[in-house]
1. Within segment B:111-120, take every residue that is free of Cβ contacts under 8 Å to residues at least 60 places away in the same chain and part of a helix (DSSP H, G or I) and give me the one that is farthest from B:L157 (Cα to Cα).
2. Quick one: B:V5 ticks every box in (1) away from chain A (no Cβ under 14 Å); (2) at pLDDT below 85; (3) surrounded by 14 or more Cβ atoms within 10 Å (Cβ to Cβ) bar one, so which box is it?
3. Can you list residue pairs whose Cβ atoms sit under 7 Å apart, with the first residue in segment B:43-71 being over 16 Å from B:R299 (Cβ atoms) and the second being of a type outside the set (A, V, I, L, M, F, W, C) and not in a helix (DSSP H, G or I)? Count only pairs 6 or more apart in sequence or on different chains.
4. Answer yes or no: is there a residue in segment B:236-259 that is touching a residue at least 24 places away in the same chain (Cβ under 8 Å), of a type outside the set (S, T, Y), surrounded by 23 or more Cβ atoms within 10 Å (Cβ to Cβ) and within 14 Å of another protein chain (Cβ to nearest Cβ).
5. Keeping to segment B:275-303, report how many residues are within 12 Å of the chain's Cα centre (by Cα) and of a type in the set (S, T, Y).
6. Looking only at segment A:226-258, which residues are of a type in the set (S, T, N, Q) and touching a helix residue (DSSP H, G or I) at 6+ places or on another chain (Cβ under 8 Å)?
7. State the number of residues belonging to segment A:169-203 that are touching a strand residue (DSSP E or B) at 6+ places or on another chain (Cβ under 9 Å) and not in a helix (DSSP H, G or I).
8. Output the qualifying pairs, or none if there are none: Cβ atoms under 6 angstrom, residues six or more apart or on different chains, first residue in segment B:84-110 and within 14 Å of chain A (Cβ to nearest Cβ), second residue at pLDDT 90 or above.
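The values are calculated or read from the model by the stated rules, or taken from the named source; none is laboratory data. Since the model is a prediction, treat every value here as computed from it, not as a measurement. Glycine also receives a Cβ, built like all others from the backbone with ideal geometry; neighbour counts cover every protein chain displayed.
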Amino acid sequence: MIPLHLKGVGVSLRGRAILRDITLAVQPGGITALVGPNGAGKSTLLRASLGLVPLSSGEILLQGRNLTAVPLRERARLLAYLAQGHHAIWPIRVRRLVGLGRLPYRGWSRRAAAMEDALVEAAMARCGVMGLADRTIDTLSGGEKARVMLARALAVGAEVLLVDEPIAALDPRHQLEVMAQLRMIARGGTAVVCVLHDLQMAARFCDRVAVLAQGRIVVAGPPETALSPDVLRPTYGIETVKIQIRGQQLPVAWEVTD
Amino acid sequence: MIRPVPQLALNMALLLTCCVLVVISLVLGYTPIPAGEVLRGLAGLADPKTVTIVQDLRLPRTALALLIGGSLGLSGAALQGLLQNPLAEPGVVGVSSAAAFGAVLVIYFGLAATSSWTLPLSGMAGALAATTILWALAVRGAARLTLLLTGVAIGGLSIALISLVMNLSSNPWAISEIAFWLMGSLKDRTLSDLGLAAPFILIGCAMLIASGGGLEALTLGEDTARSLGTPVNRVRMQVVLGTSLCVGAGVSVAGAVGFVGLIVPHLLRAFTDHAPARLLLPSALGGAALLLTADIAIRLIAVGPELQLGVVTSLIGAPFFFALIFRLQGEQA
């Protein structure tokens, strides 16, 4: 079953159409990249998929069920979201922050506490932040914070992970780390949807790329076709060149077209 | 750096402190009564004079200090969690002043005599109006500083309106009653005052405690909180209503008692790992302990007329507020 299926989704905010007729089937076990110029509607697409903004048309199916019919708590167990910016307001410790990912499962019973702790630790271990468990979030570097936030989203154990620009403010090493972690999460069977600005990262790490422009999906397909110069030229207004490295084709933004 | 301590240990320690303070508060008074007699007086077993003193004078005062202090500490912690600002507090964000204005109107128009419920109800209406304005701004995504400044403006307006009422009042007795009442005090409160305020305060406290999980999720921002299944709007409503009930009812019985909700959560935050939900119960217990301590101190300090409770908490709280601002400034620099 397709874990997340958008069918003809439209979103309007204050009378302005932000998304139009978006159809996208997100497959498990892979990363789907959402790329496109600023203001194309990428973040809105993620927020709509979470049920955070009302649809003006179309429907979103979560495991075959209409998203609006799925109760909040169950929705929270199936869909995990990693917001842009990684901010935490209070300087809480990493272990507690990652533990917030288990909120959709928190109940009155304390019986399952040990199992919950184990799941939180597993998420921290997978993101390599066990060593930071007792540090407070305000003392971490940008890269550490990004990994901790990813661990928080991973702790939900959801079928679908929606990630908004996870590598925007990171140095190259941390970018590679986060992308590799997302790929590992996807290989574990999760359907990962990831908003990216870095076309090369999209080409290297993602299985599918959906290119958005002005609220519509221009192309959705494997990176080689979706990130071809002919698609990127009208979308971004740039000329790209393809380079071949170790058997992989990567687009390089070259110059602005007029 | 302060290490977080186990939640149970912290709560038990605070509870124990409260118990000790309750005993001191009951034993302390103009008429010296031994502790044993006080206990018998509570149970109604001592001589009638002692029973009257303990049950009608000391018990309401002590219980109100416990309830109002606790609810103020709790409201402070919850408001800070909701507005995501360690400087938020019912007094600072104008909720107490708005509640005071609501109550002052009732005193001015002489409505307090019509029914004993008018005063607390009007106080709560004032508090609700202020909290709703803050909430509406928070929903529209106002910055943390904007919210705080709005609160300051609400407080300023409320105080101006209270002054206007006093200005227009031709009855000097009403003016002095309003002025005294604004200073905040627990002196000479009766069991019926307690009975009037307690139900609202307890319901308010229950709502605030129940908002804990939601406040915890809001640490990660609103969208993420929603994605974790938190009904964000319901949590906001809970905090707004809970604070209004607590502060409105408290202010109408004891007048304006400021800064408890600022001092207590701040002192306890580091012990609770900065987690908004874990801060709630300790803040309630700590608030109760602080207000009891202040009320006991007032009775011990013999300087002419008895000091007013609200004056004392503000004298302690305002420098604390300054210190907090300076520290936050340092962190941002």
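1. Going through the qualifying residues, I end up with B:A113.
2. Looking at each condition in turn, B:V5 falls short on (1).
3. That search, which allows pairs on different chains as well, returns B:V51/B:G44; B:D56/B:T190.
4. Within segment B:236-259, none of the residues are touching a residue at least 24 places away in the same chain (Cβ under 8 Å), of a type outside the set (S, T, Y), surrounded by 23 or more Cβ atoms within 10 Å (Cβ to Cβ) and within 14 Å of another protein chain (Cβ to nearest Cβ).
5. Of the residues in segment B:275-303, 1 are within 12 Å of the chain's Cα centre (by Cα) and of a type in the set (S, T, Y).
6. A:T240, A:Q248, A:Q249, A:T257
7. Summing the residues that are touching a strand residue (DSSP E or B) at 6+ places or on another chain (Cβ under 9 Å) and not in a helix (DSSP H, G or I) in segment A:169-203 gives 9.
8. Partner pairs satisfying both residue conditions: B:P86/B:Q80; B:A88/B:L79; B:A88/B:Q80.
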